[in-house]
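The values are calculated or read from the model by the stated rules, or taken from the named source; none is laboratory data. The structure presented is a predicted model; accordingly, all values stated were derived computationally and were not measured. Neighbour counts run over all protein chains shown; Cβ positions are idealised from the backbone, glycine included.
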Amino acid sequence: MKRAGLRQSRVMSNSDDVVANGDFGTALMQAREAQGFTVEEINMRLKIPKHDIIAIEASDIAALPASTYTRGYLRSYAKFLEISEESVLSLYNQAAPDAQVSDLKPRSDLGDKQNSYAPLIKMATPLLVVVGAVTVLYGIVQYYQDKADVMEDELGSRESSFTGNSLDSPGSNRTGIKQNARLTADGELILEASNQAELDVEEVASEAESVIAEDSVAEEPIHKEPARVTDVNLKQDVLLINAENGSWIEVRDANDDRLFYNMIAKGGSKTLTGQAPFSISMGNARTTKIVINDIAVDTSNFIRSNNTAKFKVSNDKQDIVFH
């Protein structure tokens, strides 16, 4: 199971920025890099030819196949990365406005003569539509099959939290949650957990409680303490993110609630409040600055070779604490 930890639900209501990064390819590439996938892995999972993935991420319209195929690839790619399909397609339509017209247009330079290609076009157009629909359907089936495999593997794992500063340590409740993505009227990307995923989490919690009750030998009744930080009197910590060149960011609080899962535009910033320590994953890490409770965080030790970073941070007065 590879880097499935960025796939979970719950977006805080203050996620009010949606990035329009200028082109569809950059949005997909940054989302892929932020989630730790390689081009080869996307090729294996979605069955999109590697050269088409490279052309998509480079927004190379001339190198892409017919628009019917390209749209199918874009929908499958965006759905797999759990970003808005319609936003990606909108950026593609802006980059290639002619792609909205059928790739097979009858020649108009024959004057009053009957166009000899008209019968061929009438036959080929339905075929292209069918092929496009089959491509999209295949991508959807493959996507949900991969999701089911990831959930099955994750439920068998006993590792549920970060251990020290290792960037590869699995986090708690990080996979197996299906999401539905939508855009609000203000352009905000909202990811919501499906009802089935919530039921699955409740069933796992119920089974865990049963095992604890059977193994316990204490004479006193078990008093279950809430695992969540719910005291409204606790100090709210403030996290400030400044993205000099734009960045894909995911932030979770001490309760493992997702406070933010989105892209910040070039030169943009985001302020979040919640209970520290904050678990942070980000792209363009070298030019993205983190400040917690007015104290700058030095993230240089956590930046990977692909310019991404993952870490958990809080502060003790004027000292920064990494978990």
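Anything in the range 38-68 that is in contact (Cβ under 8 Å) with a residue 24 or more places away in the chain and out of contact with any helix residue (DSSP H, G or I) (no Cβ under 8 Å at 6 or more places or on another chain)? List them, or say none. Once the filter is applied, which keeps residues that are in contact (Cβ under 8 Å) with a residue 24 or more places away in the chain and out of contact with any helix residue (DSSP H, G or I) (no Cβ under 8 Å at 6 or more places or on another chain), the range 38-68 yields only E41.
I'd like to know if the range 96-106 contains one or more residues that are farther than 22 Å from F24 by Cα, exposed (fewer than 12 other Cβ atoms within 10 Å of the Cβ) and modelled with pLDDT under 80.
The answer is yes; a qualifying residue exists.
Scanning the range 268-323 for residues that are surrounded by 20 or more Cβ atoms within 10 Å (Cβ to Cβ), among the aromatic types (F, W, Y) and within 20 Å of K235 (Cβ to Cβ) yields one hit, F278. Looking at the range 255-303, which of its residues are part of a loop (DSSP other than H, G, I, E, B) and either of a type in the set (S, T, N, Q) or touching a strand residue (DSSP E or B) at 6+ places or on another chain (Cβ under 6 Å) (or both)? If the condition is that a residue be part of a loop (DSSP other than H, G, I, E, B) and either of a type in the set (S, T, N, Q) or touching a strand residue (DSSP E or B) at 6+ places or on another chain (Cβ under 6 Å) (or both), then N255, Q275, A276, P277, G283, N284, N293, T299 are the ones that fit.
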